[in-house]
Every structure is written in C-alpha cells, then in structure tokens.
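What follows is a set of notes on a single structure, which appears directly below.
The values are calculated or read from the model by the stated rules, or taken from the named source; none is laboratory data. Quick caveat: nothing in here was measured; it's all calculated off a predicted structure. So basically every Cβ, Gly included, is an ideal-geometry build from the backbone, and we count neighbours across all protein chains shown. When the accessible area is computed, the model is the full protein with side chains, heavy atoms only, and any ligands, DNA or RNA have been set aside. Shrake-Rupley method; radii C 1.70, N 1.55, O 1.52, S 1.80 Å.
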Amino acid sequence: MAFAYSSSLKAALAAIRREGRYRIFADIMRQRGLFPRAEHRTNADNGKGQPITVWCSNDYLNMGQHPAVLAAMHEALDTVGAGSGGTRNIAGTTHYHVALEAELAELHGKEAALLFTSGFVSNDTTLATLAKILPGLIIFSDEMNHASMIEGIRHGGTAKYVFRHNDMAHLEELLAAANPASPKLIAFESVYSMDGDFSPTNTICDLAEKYGALTYIDEVHGVGLYGPRGAGVAARDGSMARIDIVEGTLAKAFGVMGGYIAASAEMVDCIRSFAPGFIFTTSLAPTIAAGTLAAVRHLKESDAERERLHDRAARLKRRLAEAGLPVMDSPSHIVPLFVGDPTICKAVTDELLTQHGIYVQPINYPTVPRGTERLRLTPSPAHTDAMIEALIDALNIVWDAHKLARAA
C-alpha cells in the first residue's frame, strides 16, 4: 500500500493552522516614489487594489525607491541585459560584482568581500564551510541567532555551544571549558531583529582574544543604519577592526537583494574556493549588483536617511507608550509591540489591513518563542507624523476590540 502523502501534508498544514501561525502572503504593489504607500491586491478587487501604508518593510531607508539606485539599475539593464549568465566561476562575474565587492570590503575596513544571493545563503554557506576547512572547530552561538546562522552551524556538523543571549559570563564559561588547542568561533548578531537589542561587540572581542577565537558578526540589521558611513554597529562601537568576519545583507538598508561577507583576503578566498552555496549557484543579476553599488556609495556619503529613520523610530516609540500600548523596550530602530497570542496576533494584523489600510505582519513562533508573539513595526524616513498618528488610532481600536492588555 502506498504511503499516504496527501493526508500527511494536510495534517502538517492543519497543525499550524490550529496553532494560529499559518502564514498568508499579502499581495502588495509598492508605488514608486510614494513609499510607504502601496496597494493590497485581492482576487475580489478587479485589479484596483486597496490603498495601504506599509509598516513592516525591511527596506529601512527606502533605498529601494532612491533615484540613484533606480538609475543605476536601468543603466545596467541597458548595458549588459537582465541576467548574469552563470555562476561566478562560469561567465557570471561582471564588473558590477567586482566593484560592489570592493566597495563593501572598503566599507568594513577589510581586505576583501564576497557576494551571495541572499543574507540567508551567506550565513548558511559561510558557517558550514568554516566547519569543513577548520578541523575540530568549536562554534559558540548566541541563543537568539537567526535561523540562517543556526542552519549553517548545523550543516557544518561541528561542535557547538549555545550561550544565553548577550550573557558574557556564560560565554566565557563555555570558552574556558573548551580545549585550548581547538579552533573556535563566536557567532553573534549586531542587532537582534525581533527584540531590537544590540550585542556587546567589544566585550565579545575581548573574550575572543583571550581564548583564541575567531569572531563572526551578522550585521544584517546594522549595516547602512549605524556607525560612520553606515558601516554597522561594530564600526559604531569601535570594534570593527577586531571582527574577523562581517556578514551583511543587500536587501535591508541598501534596498535591493543579496548577501555578503567581508574579511581578510585569505578568509574570503577560502570561502570562495570551498563553499558549495557560492560555487554552484548563479550569481546576482548585474542590475541588482549595480543598484546595490549605488546604494552603498550613497549611504557612505549621506547621514540624512539614517538620522531621519532614528527620529521616526523614537517618535513612534514615544507615541505608542503615550497611548498605553505595550511597546517592548528596544534601543534600535526596530519597534516591537507585544501581543502574546498567535491567533489574536494574526486577527489584529488582518483587521489593521482590511479595516484600516495598515500593513504589518504578525510575528509568531518559530520566529519568536511561543507566548511572545508580537507586531514588528519598522518605521522609515518616509513615515510622516500623520502616518504615525493614523497607526496609533488604528491600534487603539483593534486593541480595545480584542481586549488586549495595555502597558502598565
């Protein structure tokens, strides 16, 4: 008798529906030049779409709409065409890729950089490859690290120890207990994207130097947003030169897509030469590399976008607190709003979208631990005071409708 494939698939889907964490993708059409305005499309709208304000985009600085970025992408499309034509080893390296890698290396003060097709791939591939080329490697990983880092460590199949989030005493305890002769790597993030807190980068570097470990920082939610020229949290903290491997994304502050690492020339050459996730995948389209190159260059010179973002985030946090809404403590640009129940979290976001034209996604397990479900609000330089007030008004209505707890 054949295995009951269909019933097994249905059962798996039914289980996440019962838990209230089944995900439905919103069909969104951003409007060039008008972000955060967009349209929400449904099967019943006859192609017109519902006007909405986007409050959950990771295009933190609106660089996906920036004229210099769009012009660079148009120029690349007209010059070389759409796709890259192959892997980096086989016809897929254009001058746009070479120039972008040089620009990213310079941004972080490193000798070299290497592009990947996403931030997930850069983390997964680099960490797994390090485990293969450094025999006996022990990885020390913050418990709140992103899924891409967790997967990369798992795929490497090496020894790992998980330290309590930002708990430096626990990290040192684990390092001190490890074999002094073994290669070691501490993997952590600069900004933890669901709580919005920072890592103590200098203290981690102190411990790495004390116990002979490499440092690997995920600057996905920091690059472009913090530090001189947007070089990241480690640059802000003065620890960038002490970090061995910087990983970042091109899809958030830079507004396009892709991922990268920056490190010593020797380290980058090893990953380039041994990492299957780099070697065997088609490279980023030249248009993407060109657009990102323009974004990186612009944000190296301009602080205006960063300053406006942090002003908007501070105002939103203040207004949420004044309204008695349970905004979670966050020192960064990320604004989490506590709900605590997956079904209600989904219902709240559905009502915000359909009844108030406000688009924010529910953040449920496994992205955050069960019982800590939340809305994750991401203001941008383009969010106006009026938009913030409209959001507060809508939140007050849905909060009261669901009898959700207010801040003390």
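What the table below lists for this structure:
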item	result
Restricting segment 261-304 to residues that are hydroxyl-bearing (S, T, Y) and in contact (Cβ under 8 Å) with a residue 24 or more places away in the chain, the residue that is surrounded by the most Cβ atoms within 10 Å (Cβ to Cβ)	T292
Segment 184-205, residues that are open to solvent by 10 Å² or more (accessible area, probe 1.4 Å), assigned to a loop (DSSP other than H, G, I, E, B) and touching a helix residue (DSSP H, G or I) at 6+ places or on another chain (Cβ under 9 Å)	P200
Number of the exception - M29 against (1) closer than 27 Å to N364 by Cβ; (2) surrounded by 14 or more Cβ atoms within 10 Å (Cβ to Cβ); (3) touching an Asp or Glu at 6+ places or on another chain (Cβ under 7 Å); (4) not charged (D, E, K, R)	(2)
Output for segment 119-135, where each listed residue is under 21 Å from the mean Cα position of the chain (by Cα), of a type in the set (A, V, I, L, M) and open to solvent by 30 Å² or more (accessible area, probe 1.4 Å)	V121
Residue count, segment 216-242 (criterion: more than 15 Å from M149 (Cβ to Cβ) and either out of contact with any Leu (no Cβ under 6 Å at 6 or more places or on another chain) or among the polar types (S, T, N, Q) (or both))	17
Residue that is among the polar types (S, T, N, Q), in contact with a Leu (Cβ under 7 Å, 6 or more places away or on another chain) and modelled with pLDDT of 95 or more, where the choices are T292, T282, T249	T292
So M168, is it within 14 Å of I245 (Cβ to Cβ), touching a helix residue (DSSP H, G or I) at 6+ places or on another chain (Cβ under 8 Å) and of a type outside the set (S, T, Y)	no
Some residue of segment 257-277 being touching a Leu at 6+ places or on another chain (Cβ under 7 Å) and aromatic (F, W, Y)	yes
Residue selected from segment 32-50 under the condition closer than 17 Å to V360 by Cβ and without any contact (Cβ under 8 Å) to a residue 24 or more places away in the chain, by the criterion surrounded by the fewest Cβ atoms within 10 Å (Cβ to Cβ)	R37
Which listed residue is over 29 Å from G230 (Cα atoms), hydrophobic (A, V, I, L, M, F, W, C) and open to solvent by 10 Å² or more (accessible area, probe 1.4 Å), from I150, I138	I138
E307, sole failed condition from (1) in a helix (DSSP H, G or I); (2) buried (at least 17 other Cβ atoms within 10 Å of the Cβ); (3) out of contact with any helix residue (DSSP H, G or I) (no Cβ under 6 Å at 6 or more places or on another chain)	(2)
Qualifying residue in segment 38-46 (condition: part of a strand (DSSP E or B) and of a type in the set (G, A, S))	yes
Filter result for A76 (open to solvent by less than 10 Å² (accessible area, probe 1.4 Å), farther than 17 Å from V223 by Cα and of a type in the set (A, V, I, L, M, F, W, C))	yes
Condition met for F254 (surrounded by 24 or more Cβ atoms within 10 Å (Cβ to Cβ) and not in a loop (DSSP other than H, G, I, E, B))	no
Among (1) over 19 Å from G20 (Cβ atoms); (2) of a type in the set (G, A, S); (3) crowded, with 16+ Cβ neighbours inside 10 Å, the one test that A386 misses	(3)
Top-ranked residue in segment 51-73 [being open to solvent by 30 Å² or more (accessible area, probe 1.4 Å), out of contact with any helix residue (DSSP H, G or I) (no Cβ under 8 Å at 6 or more places or on another chain) and not in a loop (DSSP other than H, G, I, E, B); ranked as nearest to H298 (Cα to Cα)]	P67
Qualifying positions in segment 169-183 - open to solvent by less than 30 Å² (accessible area, probe 1.4 Å) and of a type outside the set (G, A, S)	H170, L171, L175
Members of segment 331-348 found to be assigned to a loop (DSSP other than H, G, I, E, B), surrounded by 20 or more Cβ atoms within 10 Å (Cβ to Cβ) and in contact with a strand residue (DSSP E or B) (Cβ under 7 Å, 6 or more places away or on another chain), listed by number	S332, I334, V339
Set G156, G81: member being of a type in the set (G, A, S) and either surrounded by fewer than 21 Cβ atoms within 10 Å (Cβ to Cβ) or over 19 Å from E189 (Cβ atoms) (or both)	G81
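Residues are listed down the side, and each one gets a yes or a no for (1) touching a residue at least 12 places away in the same chain (Cβ under 8 Å); (2) over 25 Å from A231 (Cβ atoms):
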| site | (1), (2) |
| --- | --- |
| A11 | no, yes |
| M63 | yes, no |
| E75 | yes, yes |
| E101 | yes, no |
